[in-house]
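Asks: Quick one: the structure is below, and I'll ask about it shortly.
The values are calculated or read from the model by the stated rules, or taken from the named source; none is laboratory data. What you are looking at is a predicted structure, and each value in this text was computed from that prediction instead of being measured. Positions of Cβ are backbone-derived with ideal geometry, glycine not excepted, and every protein chain shown enters the neighbour counts.
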Amino acid sequence: PVTSRTLIKNLAALPDGPVSVAGWVDTVRDQKKVQFVILRDETGAVQLVNPAVRELDPEGVSVGAAEALALTESISGLSHGTFVRVMGELKHDERVKLGGLEVKIGDLEVVTAALEIPIAADSGLDKRMDWRFLDLRHPKQNLIFRIQTTFLHALRTYWVEHEFVEVQTPKLMASPSESRAELFQLEYFDTTAYLAQSPQHFKQMAQSAGFGKIFEVGPAFRADPSFTSRHATEFTSIDTEVSWIDTHEDVMRLHEELMVAGFTAVVEKHGAEVAELFGIELTVPTTPFPRIPLAEAKQIVADHGYVVPRADADMDPEGERRISQYVKETYGHDFVFLTDYASTIRPFYHMRHEDDPSLTKSYDLIYNGTEISTGAQREHRVEVLVAQAESMGLDPEELGTYLEFFKYGVPPHGGFGMGLARVLMLMLGEGSIRETTYLFRGPTRLLP
Ligand code: AMO
């Protein structure tokens, strides 16, 4: 341990006796004869107690009376949010509602006082985002980021055990990484740079570089002006790319294994807390996840009374919700791969089916009604790649050095990108990725 404080969650396992705890004041109940303080740290809450001394005995004889009076006054003045360090005596007592234990305050040091906290648990989302550092003190918010840690750790363990190489690709680029849409442009000395919309180019480069299997967890930027619950201008993208695949089916199998690894760890470690704080019974998804070709999925939702607005377009959010509902009812599954998107609505680098070039070897993964991921087998034959780019109106010049990666030998490969905050949002039944992003960035939010 690097500090002498005991984490509040660990108090229960200690015997009665002296302890040192530290955290912030949640509430003070200042009664005539006794004071109670609920102290929180990142692991829980505990009740502190102090027998109040309101005035000095006129005889002034009792030893320590002045200190006891000062302590009582100090506790009376504690505002919500004040950070304190407390030395005291731990006592297990079944009658105490909060965890069946109590710490009798011996000494209380005010480390930093707090102004009146400007938000409450029921404040509006935007106001909470203004005060995100205070909002994050709430146990629910804290749990989200512990779950995120567990989820990413499990993915990382999977990748490492399967000999994937971790890469950090640059976020400053000379050319757009996905398309000209939603592109942040910035001054870069005498030239223009773009913020990476995804690590797409460089995860494919790793296949040309002979790395075989790679992963990256890093920022991606999209100049998306919309104010939806699922879009941010900066988000954390989970990316992986592997060589020597036969079809996008191989990518989907990898994707399923990663999701099972992530969910297994989260259910094991946080299942009980999630049930308690979010009211959700998390389960590990079974494999294989259902797979439905996009055209069929659109037909299914149409048969159920909803026609996706444009026949040649992607599923819209309502279509995603409905196909998810159908899959839940039909297969009892929270996940569904929508596969074989039309080549007109997929990036030029998606491989097309040999027997039907109007369709790509690609998929979106939908989870509880919303897209969390896009994946595909990539086109690795440079002449086909160039033709596909041109047929979609792209100038190969604009692709920078991307095409070079394919001219010196490259294996067949594929991969996927997945938005971290979306996974958490859908896992925990939250209404917005603002809740599951540490600091959300949107068109009108650059602070704090
Ligand atoms: P795509 O553009 O579909 O694919 O993005 C992949 C996943 O990233 C997340 N995502 C976002 N999350 C929050 N805010 C946004 N503005 C946002 N945009 C995307 C979503 C989405 O499913 N290079 C490909 C992936 C690949 O083929 O490997 C790509 O970027 O969860």
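Asks: Does residue 268 count as surrounded by fewer than 17 Cβ atoms within 10 Å (Cβ to Cβ), within 19 Å of the chain's Cα centre (by Cα) and over 20 Å from residue 430 (Cβ atoms)? Lay out the reasoning, then the answer.
Replies: Details: surrounded by fewer than 17 Cβ atoms within 10 Å (Cβ to Cβ): yes; within 19 Å of the chain's Cα centre (by Cα): yes; over 20 Å from residue 430 (Cβ atoms): yes.
Judged against the criteria, residue 268 is a match.
The rows are residues; the columns are (1) among the small types (Gly, Ala, Ser); (2) closer than 24 Å to residue 432 by Cβ.
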{"position": "270", "(1), (2)": "no, yes"}
{"position": "274", "(1), (2)": "no, yes"}
{"position": "286", "(1), (2)": "no, no"}
{"position": "314", "(1), (2)": "no, yes"}
{"position": "332", "(1), (2)": "yes, no"}
{"position": "335", "(1), (2)": "no, yes"}
{"position": "344", "(1), (2)": "no, no"}
{"position": "348", "(1), (2)": "no, no"}
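Asks: Here is a list of conditions, (1) part of a helix (DSSP H, G or I); (2) touching a residue at least 12 places away in the same chain (Cβ under 8 Å); (3) more than 11 Å from the ligand (Cβ to nearest atom); (4) not small (Gly, Ala, Ser), and residue 288 meets all of them except one; can you say which number that is?
Replies: (1)
Asks: Of all residues in the range 206-215, count the ones that are among the aliphatic types (A, V, I, L, M) and within 27 Å of the chain's Cα centre (by Cα). Step through it out loud before you land on a result.
Replies: Just the residues of the range 206-215 that are among the aliphatic types (A, V, I, L, M), to begin with: 206, 209, 214.
From what's left, within 27 Å of the chain's Cα centre (by Cα): 206, 214.
Summing the residues that are among the aliphatic types (A, V, I, L, M) and within 27 Å of the chain's Cα centre (by Cα) in the range 206-215 gives 2.
Asks: Do we have residue 256 as closer than 24 Å to residue 326 by Cα, in contact with a Pro (Cβ under 8 Å, 6 or more places away or on another chain) and either surrounded by 14 or more Cβ atoms within 10 Å (Cβ to Cβ) or without any contact (Cβ under 8 Å) to a residue 60 or more places away in the chain (or both) here?
Replies: Details: closer than 24 Å to residue 326 by Cα: yes; in contact with a Pro (Cβ under 8 Å, 6 or more places away or on another chain): yes; either surrounded by 14 or more Cβ atoms within 10 Å (Cβ to Cβ) or without any contact (Cβ under 8 Å) to a residue 60 or more places away in the chain (or both): yes.
So residue 256 fits the description; yes.
Asks: If you don't mind, there's one more thing I want to ask. Residue 330: modelled with pLDDT of 95 or more, crowded, with 18+ Cβ neighbours inside 10 Å and within 18 Å of residue 294 (Cα to Cα), yes or no? Even if it seems obvious, please write down each step before you answer.
Replies: On the way: modelled with pLDDT of 95 or more: yes; crowded, with 18+ Cβ neighbours inside 10 Å: no; within 18 Å of residue 294 (Cα to Cα): yes.
Answer is no for this residue.
Asks: While we're here: Mind telling me which of the residues 223, 181, 193, 206 ends up being within 13 Å of the ligand (Cβ to nearest atom), more than 27 Å from residue 380 (Cβ to Cβ) and without any contact (Cβ under 8 Å) to a residue 60 or more places away in the chain?
Replies: Working: 181 fails: more than 27 Å from residue 380 (Cβ to Cβ); 193 fails: within 13 Å of the ligand (Cβ to nearest atom); 206 fails: more than 27 Å from residue 380 (Cβ to Cβ).
Testing whether each residue is within 13 Å of the ligand (Cβ to nearest atom), more than 27 Å from residue 380 (Cβ to Cβ) and without any contact (Cβ under 8 Å) to a residue 60 or more places away in the chain leaves just 223.
Asks: Is it true that some residue in the range 387-394 is crowded, with 20+ Cβ neighbours inside 10 Å, away from the ligand (no atom under 13 Å from the Cβ), polar (S, T, N, Q) and within 19 Å of residue 341 (Cβ to Cβ)? Even if it seems obvious, please write down each step before you answer.
Replies: Applying the first criterion (crowded, with 20+ Cβ neighbours inside 10 Å) to the range 387-394 yields 388-389.
Checking the rest, the ones that are also away from the ligand (no atom under 13 Å from the Cβ) come to 388-389.
Those still in the list that are polar (S, T, N, Q) too: 388.
Then drop every residue that is not within 19 Å of residue 341 (Cβ to Cβ), which leaves 388.
Checked against the condition, which is being crowded, with 20+ Cβ neighbours inside 10 Å, away from the ligand (no atom under 13 Å from the Cβ), polar (S, T, N, Q) and within 19 Å of residue 341 (Cβ to Cβ), the range 387-394 yields at least one hit.
Asks: I would also like to ask the following. Which residue, of 447, 403, 426, is away from the ligand (no atom under 15 Å from the Cβ), assigned to a helix (DSSP H, G or I) and in contact (Cβ under 8 Å) with a residue 12 or more places away in the chain? Explain how you work it out, then say what you get.
Replies: Numbers: 447 fails: assigned to a helix (DSSP H, G or I); 426 fails: away from the ligand (no atom under 15 Å from the Cβ).
One residue alone meets the criteria, 403.
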